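Scroll down for the structure; my scribbles are underneath it.
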Amino acid sequence: MGKPVYGKYDQESLDLEYDMKRRCPHFAETFASFESLNARMASHYHCTLDVPFADTDGQKLDIWHGRGNSPILMFIHGGYWRAFDKAMFRYVAERFVEAGVAVVLNNYDLCPSVSMTEIVRQNRAALAWIYKNAGMIGGDPGRIHVTGHSAGGHLTAMLLATDWENYGLPCDAVNGAVPLSGLFDLEPIRLSYLNADLRMSEEEARLQSPMQNLPDRMPPTVVAVGGGETDEFRRQSRIYADACRKKGFEVSYLEVGNCDHVMVSGEYRNLASPLASVLMSQMGI
């Protein structure tokens, strides 16, 4: 074993904890299996795609319209802040759209073209746009819920750490959240192979880590992670849930079956899954 770089991990073992292409050999096959479902969401349901919420190519929304005063679910995609696109994750919306929820998937510009700080800002701007345009998309601005996978789980938690009054929104703009397989402490990410693209300094990693920026108030939140994920992913979710509970917030920790990091997002489509169930319950469905 080499020299420790973070906790018990040397460089190779730390990188392996966060390298999903090595840890999930079905990585490409799983994403390929979602392609037909993504196409179905664009063709079979009332939606408006690639709606700009700001002035760069990355800042666009896919919107499945609600029925008027519907709960709104914002989903934030993963990809370690440096890859992927909302179009790859349209499949997560189907069960919620069927239930009458207004669902919004957002894109954001990616590292290394922009910084982590800018990505957080863009996601906050996306939620502010959703709130201010809720009526246009058939949703209720008082019933906005947020979920996101992997990097999207991190961004979900950073939305919870937002002073929404700075965006002209009420302090309770988010009514519930389910960060899935999130990264809540960015220091091990900074020390891993991923930082070649993310380019975070120690200070930026601290400023953009949910663990270092716990909010003063928090809506009901379920911190979820696949039961078959790496030790680091499960540790990240546990420490965040524990820290939030210590502040007195209504936060629970959920391990989703034996799902690994890539497979767990498919559970959004499974109404028998605890992941889908907690989101439906939060939204009162």
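The values are calculated or read from the model by the stated rules, or taken from the named source; none is laboratory data. All of these numbers come straight from a predicted model, not from anything done at the bench. So basically every Cβ, Gly included, is an ideal-geometry build from the backbone, and we count neighbours across all protein chains shown. Just so you know, the surface numbers come from the protein's heavy atoms only, side chains and all, with ligands and any DNA or RNA stripped out. Shrake-Rupley method; radii C 1.70, N 1.55, O 1.52, S 1.80 Å.
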(request) Out of ASP185, ASP172, report the one residue that is under 18 Å from the mean Cα position of the chain (by Cα), surrounded by fewer than 23 Cβ atoms within 10 Å (Cβ to Cβ), part of a loop (DSSP other than H, G, I, E, B) and at pLDDT 95 or above. (result) ASP185
(request) Scan region 101-121 residue by residue and report those that are among the polar types (S, T, N, Q) and under 17 Å from HIS149 (Cα atoms). (result) ASN106, ASN107
(message) Can you list residue pairs whose Cβ atoms sit under 9 Å apart, with the first residue in region 196-209 being of a type in the set (Lys, Arg) and the second being assigned to a helix (DSSP H, G or I)? Count only pairs 6 or more apart in sequence or on different chains.
(response) ARG199/MET116; ARG206/GLU187; ARG206/GLN212
(message) Yes or no: region 143-151 includes at least one residue that is open to solvent by less than 10 Å² (accessible area, probe 1.4 Å), at pLDDT 95 or above, polar (S, T, N, Q) and assigned to a helix (DSSP H, G or I).
(response) no
(message) Of everything in region 111-142, what is over 26 Å from ARG235 (Cα atoms), part of a loop (DSSP other than H, G, I, E, B), open to solvent by less than 20 Å² (accessible area, probe 1.4 Å) and not aliphatic (A, V, I, L, M)? Give them in sequence order.
(response) GLY138
(message) Every residue in region 81-110 that is on the phi > 0 side of the Ramachandran plot and open to solvent by less than 20 Å² (accessible area, probe 1.4 Å), please.
(response) TRP81, GLY100
(request) Pairs only if they're at least six apart or on different chains, beta carbon under 7 angstrom, first in region 242-260 and farther than 30 Å from GLU29 by Cβ, second open to solvent by 80 Å² or more (accessible area, probe 1.4 Å) and at pLDDT 95 or above; list them, first residue then second. (result) VAL251/ARG245
(request) Kindly establish whether TYR193 is in contact with a strand residue (DSSP E or B) (Cβ under 7 Å, 6 or more places away or on another chain), outside any strand (DSSP E or B) and either open to solvent by 10 Å² or more (accessible area, probe 1.4 Å) or without any contact (Cβ under 8 Å) to a residue 12 or more places away in the chain (or both). (result) no
(message) Which numbered condition in (1) open to solvent by 10 Å² or more (accessible area, probe 1.4 Å); (2) within 28 Å of SER192 (Cβ to Cβ) is the only one that MET74 fails?
(response) (1)
(request) Pull up region 206-240, narrow it to residues that are among the basic types (Lys, Arg) and under 15 Å from LEU183 (Cα atoms), then point me to the one that is most open to solvent (accessible area, probe 1.4 Å). (result) ARG206
(request) State whether the residues of region 273-285 include one that is at pLDDT 95 or above, in a strand (DSSP E or B), open to solvent by less than 10 Å² (accessible area, probe 1.4 Å) and not aromatic (Phe, Trp, Tyr). (result) no
(request) Can you tell me which residue among THR48, THR30, THR56 is open to solvent by less than 30 Å² (accessible area, probe 1.4 Å) and among the polar types (S, T, N, Q)? (result) THR30
(message) Pairs needed: first member in region 1-17, more than 9 Å from GLU232 (Cβ to Cβ) and at pLDDT 95 or above; second member anywhere, open to solvent by 80 Å² or more (accessible area, probe 1.4 Å) and assigned to a loop (DSSP other than H, G, I, E, B); C-beta distance under 7 Å; at least 6 residues apart or different chains.
(response) ASP10/MET1; ASP10/LYS3
(message) What's the total number of residues in region 44-71 that are free of Cβ contacts under 8 Å to residues at least 60 places away in the same chain and touching a helix residue (DSSP H, G or I) at 6+ places or on another chain (Cβ under 6 Å)?
(response) 3
(message) Looking at region 241-250 only, could you name the residues that are surrounded by fewer than 21 Cβ atoms within 10 Å (Cβ to Cβ) and either at negative phi or charged (D, E, K, R) (or both)?
(response) ASP242, ALA243, ARG245, LYS246, LYS247, PHE249, GLU250
(request) For GLU203, indicate whether it is open to solvent by 30 Å² or more (accessible area, probe 1.4 Å), part of a strand (DSSP E or B) and of a type outside the set (A, V, I, L, M). (result) no
